[in-house]
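Trainee: Supplied in structure tokens, the structure appears directly below.
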Amino acid sequence: MNLLQRFQLIHRRIRTVLIVLAIQVLSFQSQASIMADTTSFIHTIDIKTGKLDTLKSIKSHVEAPNWHPDNYLIMNSYGKLYRFDLKTRQMSEISTGFATACNNDHGISPDKKWLVISHNDKNDPSTKSYKSAIYVLPINGGTPRRITSEVMSFWHGWSPDGKTLVYCGERNGNYDIYSIGINGGKETRLTASEGLDDGPDYSPDGKYIYFNSYRTGNMQIWRMLADGSNPEQLTFDNNSNWFAHPSPDNKWIVYIAYTSDEKQRHLFGKQVKLRLMNVQTKEMKDITPVFFGGQGTINVPSWSPDSQKIAFVSYSVK
């Protein structure tokens with residue numbers, strides 16, 4: 001290859017990168033505009049009867065309900081965390097101190113006393129455009145304590161003994177699953193496949209971590225042992241399957257299925273449905289009809305403490 005050919009090749013590569021970046025920026029702006037005109041519907045569904053209750057509609061974008069046994073949900077909206085009282089159906093802000101750029105990857109500790117959040121720390125020295133790190137604070141609010149030193153890190157699971165967090169981390173351009181002790185320190189890489197591995201969540205006995213992976217060329221639900229060994233594929237359909245959450249009694253897995261092939265994306269504003277898998281038999285079924293949702297619907301564990309209901313969010317846009 002002569003010098004001119006090399007120059008032309010480099011030029012084409014740079015042009016391709018710029019086009020991709022432009023598309024990403026336009027996509028982000030479009031998503032932000034859509035989300036600004038959103039109405040959010042907070043639901044629960046009974047997995048046995050199929051009874052769907054719409055608890056509240058809010059002319060705002062709220063996401064990702066966690067279900068606390070004291071009869072409230074924890075949700076995020078525009079960078080802040082809120083408590084949604086299941087009896088009064090009113091929302092109140094949870095103080096997270098300096099952490100006012102929280103995304104929809106948050107959750108409750110096994111002893112129900114602590115809250116874990118993923119906050120975009122713009123003061124982090126990383127050159128990355130988005131700097132999500134994981135923090136822990138008291139369940140009723142307080143000053144967050146940083147756990148992960150590396151960005152981007154997005155929390156998804158808490159070990160049943162309360163000692164370990166698992167999360168999706170972007171390192172050197174690849175997204176894999178990592179674990180870290182509750183007091184921070186060195187992280188442990190649990191997956192190393194090509195393509196996105198995301199959404200790790202522990203089984204209640206601590207034996208497995210459930211996650212979604214693109215390693216086969218289609219987003220599917222997998223599980224592995226808690227040390228990252230023996231990965232096993234659980235779904236094999238044409239949906240894009242994300243965010244598998246085991247029930248507290250360890251009998252069921254709920255996950256969100258995009259009805260279109262979304263590659264490695266889990267965007268807001270898509271046709272989706274919730275599906276249920278029997279842990280013992282591996283049989284699966286739809287538990288909702290198809291609805292308008294996606295990012296924010298069920299990113300985090302949202303089972304009721306008695307394993308009978310699931311909280312989730314659907315949306316409409318003007």
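Trainee: If you go through the range 148-168, how many residues are farther than 16 Å from D198 by Cα and open to solvent by 20 Å² or more (accessible area, probe 1.4 Å)?
Mentor: So the answer is 7.
Trainee: Of all residues in the range 270-279 being part of a strand (DSSP E or B) and among the aliphatic types (A, V, I, L, M), which is surrounded by the most Cβ atoms within 10 Å (Cβ to Cβ)?
Mentor: If we filter the range 270-279 for residues that are part of a strand (DSSP E or B), which is where we start, we get 270-278.
Going one step further and asking which of them are among the aliphatic types (A, V, I, L, M), we end up with 272, 274, 276-277.
Numbers: V272: 27, L274: 23, L276: 18, M277: 21.
Taking the candidates together, the pick is V272.
Trainee: Related question: Quick one: is L267 open to solvent by 20 Å² or more (accessible area, probe 1.4 Å) and within 22 Å of S118 (Cα to Cα)?
Mentor: Answer is yes for this residue.
Trainee: Does D261 satisfy the criteria of being of a type in the set (D, E), open to solvent by 10 Å² or more (accessible area, probe 1.4 Å) and over 30 Å from A192 (Cβ atoms)?
Mentor: Judged against the criteria, D261 is not a match.
Trainee: Still on this structure, I have one more. Of everything in the range 284-311, what is open to solvent by less than 30 Å² (accessible area, probe 1.4 Å) and touching a Pro at 6+ places or on another chain (Cβ under 7 Å)? Give them in sequence order.
Mentor: Listed by number, the residues that qualify are S302, W303, S307, A311.
Trainee: Out of all the residues in the range 149-163, which are within 13 Å of the chain's Cα centre (by Cα) and either under 10 Å from S132 (Cα atoms) or of a type in the set (D, E) (or both)?
Mentor: Residues satisfying the conditions are S153, F154, W155.
Trainee: Take the residues in the range 44-78 that are within 15 Å of the chain's Cα centre (by Cα) and small (G, A, S); name whichever of them is farthest from I256 (Cα to Cα).
Mentor: Among them, the one singled out is S77.
Trainee: Quick one: count up the residues across the range 76-98 that are buried (at least 19 other Cβ atoms within 10 Å of the Cβ) and out of contact with any Ser or Thr (no Cβ under 9 Å at 6 or more places or on another chain).
Mentor: 2
The values are calculated or read from the model by the stated rules, or taken from the named source; none is laboratory data. Quick caveat, the model's predicted, so the values are computed rather than measured. Quick reminder, even Gly has a Cβ in these numbers, built from the backbone with ideal geometry, and neighbours come from all protein chains shown. Quick note on the areas: whole protein, heavy atoms, side chains included, nothing else; ligands and nucleic acids left out. Shrake-Rupley method; radii C 1.70, N 1.55, O 1.52, S 1.80 Å.
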